[in-house]
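Take a look at the structure below.
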Amino acid sequence: MTKNEVIEKVLGPVAFERAIEVFCDYLTIEKRYSPHTISNYRRDLEEVASELAKVDVTDWSGANAFNMRTVISRQHAAGLSGRSLARRLSAVRSLFKYLIRHKHIEVNPVADVPAPKDHPGLPETLQIEDIQRLFALKGDDALLLRDRALFELIYSCGLRLAEVIQLDVDSIDMQAGMVQVVGKGSKARNLPVGKAALTAVREWKTRRAEFQKGAATDLALFLSKRGTRLSARSVQQRLKTLATRTGISHNVYPHLLRHSFASHLLESSGDLRAVQELLGHADINTTQIYTHLDFQHLARVYEKSHPRASRKRLITDKEAKAPAK
């Protein structure tokens, strides 16, 4: 499909649904964004369009700074985080830039609309004992072998969910113990794979053919029972199932394994720059949040071990102040 054909798909200059459709086609064809990224753009734009309709805006040309601020304020009051709203505003800005470039509108109404600020929260992590329990299930069921390989790989390499489901059979050099992943911005990085994860992947590969369902040319490393590439939703559900089976009470999700990888590695090495490279963070400030987790770990050790920090003091402050008899 040519660029002109994409533009011509717009029925009316800025109708909500058609503008979103043509913009997503542009992201697919010209920007070559991943299906996961485009799905996020589409969902964010549809949510904003729905909120604009509630304030009597019928198409994108009716959006202005005032009603966009109203939409963002309502969504923040409904519980959407500042980070999520910043991503949503970014999607809307990109859409308006596209519409301006093709002369459908003249100004970008969200150019100066800020996202609400959140108080920065620390990412959740699992304790090492929980990680060990998560991978302790034994058995040779093909589904269990697939799941174990999948989650061992996420934790071993600190992978994002979108990165792991896009892996192909030849993405991992089993001999060298390295995996190549494509992260945000289509940036590739090569990562070392731990022995436990390599063993799990090797075991899964011996049973992978059982899931192919005739799709002999499918290169996806992780397949569903239908023989298709495993979806993000399926990965989330399988991890919850595995966590329940092993008795972990936390809400366990794929990105939690990535957070745990970063936190545990930083606790052991103290090398922030290396953790940044492994995670694929463009800005080291993004990685620095894990230094706060590392400090919390040190504080717990101090509280537990130092004789003058323990809450269970041999002599209480009140006793120390009491006059001698």
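See the values below:
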| item | result |
| --- | --- |
| Selection status of Ala162, surrounded by 14 or more Cβ atoms within 10 Å (Cβ to Cβ) and either closer than 26 Å to Asn40 by Cβ or modelled with pLDDT under 90 (or both) | yes |
| Members of the stretch 56-102 that are assigned to a loop (DSSP other than H, G, I, E, B), more than 19 Å from Ala19 (Cα to Cα) and among the aliphatic types (A, V, I, L, M) | Ala78, Leu80 |
| Count of the stretch 147-184 residues which are under 19 Å from Ala262 (Cβ atoms) and in a helix (DSSP H, G or I) | 13 |
| Any hit, the stretch 92-109, residues being surrounded by 14 or more Cβ atoms within 10 Å (Cβ to Cβ), closer than 30 Å to Val71 by Cβ and touching a His at 6+ places or on another chain (Cβ under 7 Å) | no |
| Some residue of the stretch 226-243 being over 20 Å from the mean Cα position of the chain (by Cα) and part of a helix (DSSP H, G or I) | no |
| Test: Ala200 is farther than 22 Å from Asn40 by Cα, of a type in the set (A, V, I, L, M, F, W, C) and surrounded by 20 or more Cβ atoms within 10 Å (Cβ to Cβ) | yes |
| Filtered residue count, the stretch 137-146, keeping only those that are surrounded by fewer than 23 Cβ atoms within 10 Å (Cβ to Cβ) and not in a loop (DSSP other than H, G, I, E, B) | 4 |
| Set Ile72, Ile100, Ile105: member being among the β-branched types (Val, Ile, Thr) and at pLDDT 90 or above | Ile100 |
| The stretch 263-288: number of residues that are surrounded by fewer than 19 Cβ atoms within 10 Å (Cβ to Cβ), part of a loop (DSSP other than H, G, I, E, B) and either on the phi > 0 side of the Ramachandran plot or among the β-branched types (Val, Ile, Thr) (or both) | 1 |
| Arg133 of a type in the set (Lys, Arg) and not in a helix (DSSP H, G or I) | no |
| Glu30 vs. criteria surrounded by fewer than 16 Cβ atoms within 10 Å (Cβ to Cβ) and out of contact with any strand residue (DSSP E or B) (no Cβ under 7 Å at 6 or more places or on another chain) | yes |
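Results for (1) under 25 Å from Arg133 (Cβ atoms); (2) of a type outside the set (A, V, I, L, M); (3) touching a residue at least 40 places away in the same chain (Cβ under 8 Å), shown as yes or no for each residue.
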{"position": "Phe151", "(1), (2), (3)": "yes, yes, yes"}
{"position": "Tyr155", "(1), (2), (3)": "yes, yes, yes"}
{"position": "Val169", "(1), (2), (3)": "no, no, yes"}
{"position": "Lys184", "(1), (2), (3)": "no, yes, yes"}
{"position": "Lys187", "(1), (2), (3)": "no, yes, yes"}
{"position": "Lys195", "(1), (2), (3)": "yes, yes, no"}
{"position": "Arg207", "(1), (2), (3)": "yes, yes, yes"}
{"position": "Glu210", "(1), (2), (3)": "no, yes, yes"}
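The values are calculated or read from the model by the stated rules, or taken from the named source; none is laboratory data. No experiment lies behind these values; they were computed from the predicted model shown. As a convention, Cβ positions derive from the backbone with ideal geometry for all residues, glycine included, and neighbour counts pool all protein chains shown.
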